[in-house]
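K.L.:
Here it is: the structure, laid out below.
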């Protein structure tokens, strides 16, 4: 009698979000059966509509702050359920801390119950204010828990501490990915970020507003590259944290000009006063990812922006 072939099974919490939906796609392409758990507070069903009839995909509406059980055997749990943009976590900082604490415990318990690998999608925000030097994983960072963004910073740091505690206390195989600025199809255009604003304005044929002189820089990683980094981390045994992002800096002005060229229109660039909350870029040092995972971003900013704008056009997005 032949032994049935084992199909690896992954759970993706927050799988209806921007990054989570692309991770679901990549896992399915790699032969995984995927269970997506999302409460749709920040994720969108439209991000998963193309998977509705996929035989190896299961969508569960659930909140990770409640106990969640999966009957089928599990190989890996990717925990992405967390508000990721200021427009979300500043709206309800208590909820942001609850999902980072109770939600992460429940996700860890789900993995522990089946001895599955656990991968936490953390954030570069744990490092605190950006500096001029590339950020390394051994940078302890500095955040003010009583500041306006304190709830989010500390929530993500606490989730990392929980993940580490489960590894050291229970022997659970865990990994932590610190994800830097990511963009691409399905990204939220209402998140208040520079690139989201440029895309909305380009789609509407409106002037692109550049804050300040445009000399500020950004480090932007295309979503397919970020997902490849997270999956590479999951396939190994290194617990992390590991930076997943693009180490190349690009000026805001050059991004605006690239967007105008891709849009194929004579859009005007309008310079406006910089917002008080405008920050310097946080640029990752990805030496560890290169060495341990053999990973680096491969999509150029020109190709990534072109693919992103084309996707939104095909999706029929036209409003500012």
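The values are calculated or read from the model by the stated rules, or taken from the named source; none is laboratory data. Here the structure is a predicted model, which means the values were calculated and not measured. For neighbour counting, all protein chains shown are included, and Cβ atoms are generated from backbone atoms with ideal geometry for every residue, glycine included.
K.L.:
Which one of these is more than 20 Å from the chain's Cα centre (by Cα), closer than 30 Å to residue 46 by Cβ and in contact (Cβ under 8 Å) with a residue 12 or more places away in the chain: 94, 119?
P.N.:
Answer to the selection: 94.
K.L.:
Residue 252: in the same structural domain as residue 113 (by TED's automatic domain parsing) and either out of contact with any helix residue (DSSP H, G or I) (no Cβ under 6 Å at 6 or more places or on another chain) or free of Cβ contacts under 8 Å to residues at least 60 places away in the same chain (or both), yes or no? Walk me through how you get there before you give the answer.
P.N.:
On the way: in the same structural domain as residue 113 (by TED's automatic domain parsing): no; either out of contact with any helix residue (DSSP H, G or I) (no Cβ under 6 Å at 6 or more places or on another chain) or free of Cβ contacts under 8 Å to residues at least 60 places away in the same chain (or both): yes.
Spelling it out, it is not the case that residue 252 is in the same structural domain as residue 113 (by TED's automatic domain parsing) and either out of contact with any helix residue (DSSP H, G or I) (no Cβ under 6 Å at 6 or more places or on another chain) or free of Cβ contacts under 8 Å to residues at least 60 places away in the same chain (or both).
K.L.:
Right, something else. Looking for whichever is over 24 Å from residue 293 (Cβ atoms) and at pLDDT 95 or above here; the options are 170, 166. Which one fits?
P.N.:
Within the list 170, 166, the selection yields 170.
K.L.:
Now for a different question. Only one residue in 178, 188, 200 is under 21 Å from residue 82 (Cβ atoms) and surrounded by fewer than 21 Cβ atoms within 10 Å (Cβ to Cβ). Which one?
P.N.:
On inspection, the qualifying residue turns out to be 188.
K.L.:
Looking at 100, 111, which one is outside any strand (DSSP E or B), modelled with pLDDT of 95 or more and either closer than 24 Å to residue 182 by Cα or touching a strand residue (DSSP E or B) at 6+ places or on another chain (Cβ under 6 Å) (or both)?
P.N.:
Result: 111 is the single residue among 100, 111 that is outside any strand (DSSP E or B), modelled with pLDDT of 95 or more and either closer than 24 Å to residue 182 by Cα or touching a strand residue (DSSP E or B) at 6+ places or on another chain (Cβ under 6 Å) (or both).
K.L.:
Further question: Taking only the stretch 69-91 into account, find how many residues are closer than 18 Å to residue 11 by Cβ and under 22 Å from the mean Cα position of the chain (by Cα).
P.N.:
Final tally of qualifying residues: 8.
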